[in-house]
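Just so you know, all these numbers are worked out from the coordinates, no wet-lab data involved. The shown structure was predicted, so the numbers you read here are calculated from the model rather than taken from an experiment. Here the Cβ positions follow ideal geometry from the backbone for every residue, glycine too, while neighbour counts run over all protein chains shown.
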């Protein structure tokens with residue numbers, strides 16, 4: 001199973017490190033990353049393998065959301081099944 005992680009907000013030092021730190025804490029393997037900085041806006045999409053999650057999915061998603069609140073960013077974790085359902089034509 002995979003999850004899509006998106007991060008949007010004002011660029012600051014260490015965003016990628018903090019997000020991947022939480023992934024490592026929960027044994028989530030980041031398989032693909034795309035990020036860009038447009039002037040001062042940071043935008044990142046990650047695809048992550050969540051088969052090895054060491055805690056419930058909700059706990060992982062909640063901690064990512066809390067990180068976003070702490071850093072003034074919007075961090076969203078979406079299970080791949082939901083993502084695919086939303087984008088099915």
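A few comments on the model shown:
- Residue count for region 68-78 satisfying the condition of being more than 14 Å from residue 42 (Cα to Cα) and out of contact with any strand residue (DSSP E or B) (no Cβ under 6 Å at 6 or more places or on another chain): 2.
- Every residue from region 3-52 that is touching a residue at least 60 places away in the same chain (Cβ under 8 Å) and under 11 Å from the mean Cα position of the chain (by Cα): 3, 4, 5, 6, 7, 8
- Candidates 12, 36, filtered to the one that is touching a helix residue (DSSP H, G or I) at 6+ places or on another chain (Cβ under 8 Å) and either loosely packed, with under 15 Cβ neighbours inside 10 Å or assigned to a helix (DSSP H, G or I) (or both): 12
- Residue among 52, 65 that is out of contact with any helix residue (DSSP H, G or I) (no Cβ under 9 Å at 6 or more places or on another chain) and not in a helix (DSSP H, G or I): 52
- Set 27, 45: member being over 14 Å from residue 5 (Cα atoms) and surrounded by 11 or more Cβ atoms within 10 Å (Cβ to Cβ): 27
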